[in-house]
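The values are calculated or read from the model by the stated rules, or taken from the named source; none is laboratory data. From a predicted model like this one, the values you see are computed outputs, not experimental measurements. Please note: Cβ atoms are built from the backbone with ideal geometry, for glycine as well, and neighbour counts cover all protein chains shown.
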Amino acid sequence: MKTIAFLLHNYFEQVEYEEVNNLLKDKGYKTVLITTNKNKEVQGMNQDVNKGDTFTADLFAKDVDIADYDALVLPGGTVNADNIRGNEQAHKLINAVDKAGKPLALICHAPWILADTEIAKGKTLTAYHTLQTDLENAGATFVDETVQTDGHLITSRNPDDIENFVNAIDKALSA
C-alpha cells in the first residue's frame, strides 16, 4: 500500500486537507499527517477566515524520513502556506521529495512555497489566482487550469478543483 504524507502548519484550508485525505483513502492509500507546528494539534480553517476543526498530526516534520512516503501533499490556506514557506524543515522535506522525483502535490495557496524553494523556476503551475505574479517572478509559467501536472509536480487552484487534484495524484502514483 502506498503512503501519502500531508504537510501542514496551522490555519490550513480544512477542505483541502480533509476532503483530499478522505478521497485518497477511498482510493486505497494510507495517509499520514505531518506538521511544522510546535505541537501536534493543528487548526483547520473554513474559507480561510472561520475556524474549523482541529486535527492531530502523526509526526513532526523534523522526525520524517521522506523515503517512507510515496508522495507529499500540501493543502493551502493563506496563513498555513505563508508559515510553511518560511520554515526551513518544510523546505528540506519538499526539496527531498522534489529531488527524489516523487509526486509533490500543492493546492490553492500552497504552490506559493515553490517560489521560496526555487522549485517553481522553469515549471508550468497553477494556483490560487492571486499567486500568479509571485510564481511568474519565481520563473514559472502560470496557467488557469483546474489541475496542472509538470513532471512530478501537481498543482491546483482551489477547493472546487479537489476531484481533479485527487485524480491527478492517483494517476501519478499509478504510473
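Can LEU135 be described as under 17 Å from ILE4 (Cα atoms) and at pLDDT 95 or above?
Criteria not met by LEU135.
Which one is nearest to GLY76 (Cα to Cα) among residues in the stretch 161-175 that are charged (D, E, K, R) and touching a helix residue (DSSP H, G or I) at 6+ places or on another chain (Cβ under 8 Å)?
Looking at the filtered set, the residue picked out is GLU163.
Are there strands (runs of 3 or more DSSP E) fully within the stretch 42-161 with at least 1 residues that are surrounded by fewer than 19 Cβ atoms within 10 Å (Cβ to Cβ)? List them.
The strands (runs of 3 or more DSSP E) meeting that bar are 50-56, 147-150.
Would a scan of the stretch 4-14 turn up a residue that is closer than 25 Å to TYR128 by Cβ, crowded, with 24+ Cβ neighbours inside 10 Å, acidic (Asp, Glu) and touching a Gly at 6+ places or on another chain (Cβ under 7 Å)?
yes
Show the residue pairs meeting these rules: Cβ distance below 7 Å; 6+ apart or different chains; first residue within the stretch 8-31 and in contact (Cβ under 8 Å) with a residue 12 or more places away in the chain; second residue in a helix (DSSP H, G or I) and basic (Lys, Arg).
Within 7 Å, the pairs are THR31/LYS25.
So is VAL143 more than 20 Å from ILE4 (Cβ to Cβ) and either in contact with a strand residue (DSSP E or B) (Cβ under 9 Å, 6 or more places away or on another chain) or touching a residue at least 60 places away in the same chain (Cβ under 8 Å) (or both) or not?
The answer is yes for VAL143.
Hey, among THR130, THR54, THR126, which residue is without any contact (Cβ under 8 Å) to a residue 24 or more places away in the chain and closer than 22 Å to LEU24 by Cα?
THR54
Just checking, which of LEU23, LEU33 is in contact with a strand residue (DSSP E or B) (Cβ under 7 Å, 6 or more places away or on another chain) and buried (at least 16 other Cβ atoms within 10 Å of the Cβ)?
LEU33
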